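Have a look at the structure below, then the notes.
Coordinate-derived values only; no laboratory data. All values derive from a computational prediction rather than experimental measurement. When we count neighbours, we look across all protein chains shown, and the Cβ atoms used for this are built from the backbone with ideal geometry, even at glycine.
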Amino acid sequence: MRHIAVVGSGPAGYYTAEAAQKKFGDAVRVDIIDRLPVPYGLIRFGVAPDHQSIKGVHKRYEAVNLSDNVRFVGNVTVGRDVSIAELNQFYDAVVLATGAPADRRLGIPGDDLPGVIGSAAFVGWYNGHPDFAGLDPDLTGPGAVIVGNGNVALDVARILAKTRDEFLGADIVAHALDALDHSGIRRITLLGRRGPHQIAMTPKELGELGHLGRATPVVDLGDFPPIGEDALLEPGMRKSVTHLRDFAAAAGPAKDIAIDFDFFAMPVAVEGKDRAERIIVEKTRLDADLRAIGTGERYVIPCHLVIACIGYQTPPITGVPYEHGRGRFASDEGRILPGLYCVGWARRGPSGTIGTNRPDGYAIIDMIAEDLTGAADKPGRPALDALLDGRGVDIVTFRDWQKIDAAEIARARAGAPREKFVAIDDMIAARSV
Ligand code: NAP
């Protein structure tokens, strides 16, 4: 019997477990360990609450859990409750699938002022992540600035702009829905340090901005290169740019909220007395390598809220080699040290779709199978359970999660799929109801 520990129960973790089942069949036991009492990581806490069809992928992960050779071990923090060295003693392979749930700082003066937050915190707030449920972002408005031109920036702009009715069917948590309902934000500015041809937004997500009840995207055609150059873009990018051109051409009736796309716009400082009151932006141009270069021309946007949607990083774990510049574990295609691997965003950095993690998970299991040449003499689960029991750690099982899940579904407001518990204690308490 081979024993594999997967740390992290998001997409990368589950695809790795699924791949292990396929590769080793009944000759493997996989423990998926998560620091939270609830599974699915990015699916629960990252994917936007109004994108329920994307969240549906959790059904596939559930099927993995319902088999005998995989189990969920929730409420266990690796690095605190159990060390990597201990996991390495108990399991043939330890796979870090911890994702990239931490924000990167903007790195400009004033980025530590109250009112400046990262997308992990803001997204975690509206998705009910226990670490960020108490964030209480300043939605007094009228200005809010989003830094970055990726899909997370789009998620954040859309969530800030939607009406209560537009969240019908979404699992946005009640505290966020209520706060957004009273939001005074009327102008959302998306700062892209490069141009429309350099965005990291995908067409479907960008297209959604054109159909909002009370918000209109505002785009300046003057920022675009000649239209003939669109033909040189890869098809997905061309579609996205076409959406932007359509936004620029649309002269529909003005709505309550404007979503301004400021291209060639690089934040250089956030200013304010005791809190964010304005952001200073420098206009840019592109050099020959398509990098943004400041032109010296500056302007000011008044705002109480600045949300940096500039990508994420993987939190380091003591003793695990780490690439500080890239914000991910240091590995050779996923091999960190003998018996220790990483997969998904913890290996590659935060790029690609949920589906990208599937081939990643399968590849790491092929690698592990190749490396497993020694005797199959690791103790696996019983050793972990004995150690955690001795340390008084209260494991949350998949059966427990099913009870928490049922409790969340039972307390959903009308039209919503669930009302998430946002405090760890409440999650744990719900399993005994
Ligand atoms: P991303 O796609 O890497 O976009 C980051 C953006 O931030 C880029 O526009 C980047 O500009 C900009 N940026 C980085 N550092 C900056 C700085 N210091 N100042 C100003 N701008 C800066 O990251 P993301 O939006 O966090 O998304 C992460 C991944 O999740 C992506 O693969 C994304 O597609 C995926 N995702 C998908 C969906 C969906 O499919 N519905 C939803 C959310 C996220 P440069 O290009 O100039 O570096």
*asked:* I'd like the orientation of helix 357-371 relative to the chain: the angle between its Cα long axis and the longest Cα principal axis, in ° from 0 to 90, rounded to 10.
replied: 30 degrees
*asked:* Please arrange His3, His58 by how many other C-beta atoms lie within 10 Å of their C-beta, fewest to most.
replied: His58, His3
*Helix 151-161 versus the longest principal axis of the chain: what is the Cα-based angle in degrees, 0 to 90, to the nearest 10?*
60 degrees
*Calculate how many DSSP beta bridges within the chain are antiparallel, expressed in % of all such bridges and rounded to the nearest 5.*
35 percent
*Calculate the dipole size of the stretch 67-134 relative to its Cα centre from +1 charges on Lys and Arg beta carbons and -1 charges on Asp and Glu beta carbons; express the result in debye to the nearest 20.*
100 debye
*Mean separation of Cα contacts under 8 Å, 6 or more apart, over the residue count of the stretch 1-146: relative contact order %*: 29 percent
*Using alpha-carbon positions, what is the distance between the centroids of the stretch 124-154 and the stretch 175-254, in Å?*
18 Å
*Least to most buried among Asp405, Asp103 (fewest other Cβ within 10 Å first)*: Asp405, Asp103
_Between Asp246 and Lys23, what is the label-point separation in nm under the 7 Å Cα-to-beta-carbon projection?_
4.3 nm
*Sites matching trypsin sites (Lys or Arg not before Pro) across the stretch 142-216 that sit in DSSP coil, with at most 13 neighbouring C-beta atoms within 10 Å*: Arg164, Arg214
*asked:* I want to make sure I understand the PRE zone here: with the label point 7 angstrom from the Cα of Gln89 toward its beta carbon, which residues in the stretch 384-398 have backbone N atoms less than 15 Å away?
replied: 384-391
*Where does helix 235-249 land angle-wise versus the long Cα axis of the chain, in degrees 0 to 90, nearest 10?*
30 degrees
_Order of Thr98, Thr356, Thr318 - criterion: other Cβ atoms within 10 Å of each residue's Cβ, fewest first_ = Thr318, Thr356, Thr98
*asked:* So if I take the centroid of the Cα atoms in the stretch 69-119 and the same for the stretch 356-397, what is the distance between those two points in Å?
replied: 17 Å
*In a shell of Cβ-Cβ distance under 11 Å around Ile293, excluding Ile293 itself, what net charge do Lys and Arg (+1) and Asp and Glu (-1) give?*
+2
_Compute the distance from the alpha-carbon center of the stretch 275-344 to that of the stretch 7-21, in whole Å._
26 Å
*Neighbour net charge for Ile336 - beta-carbon separation under 13 angstrom, K R +1, D E -1*: -1
_In the stretch 333-433, the trypsin sites (Lys or Arg not before Pro) that fall in loop regions by DSSP, at most 14 other Cβ within 10 Å_ = Arg391, Arg411, Arg413
*Going down the list Lys23/Lys420; Lys59/Lys255; Lys378/Lys420; Lys55/Lys403; Lys22/Lys55, which pairs span over 30 Å between their C-alpha atoms?*
Lys23/Lys420; Lys59/Lys255; Lys378/Lys420
_Theoretical FRET efficiency, 1/(1+(r/R0)^6), r = Cβ-Cβ of Ile409 and Thr356, R0 35 Å, to 0.05_ = 0.75
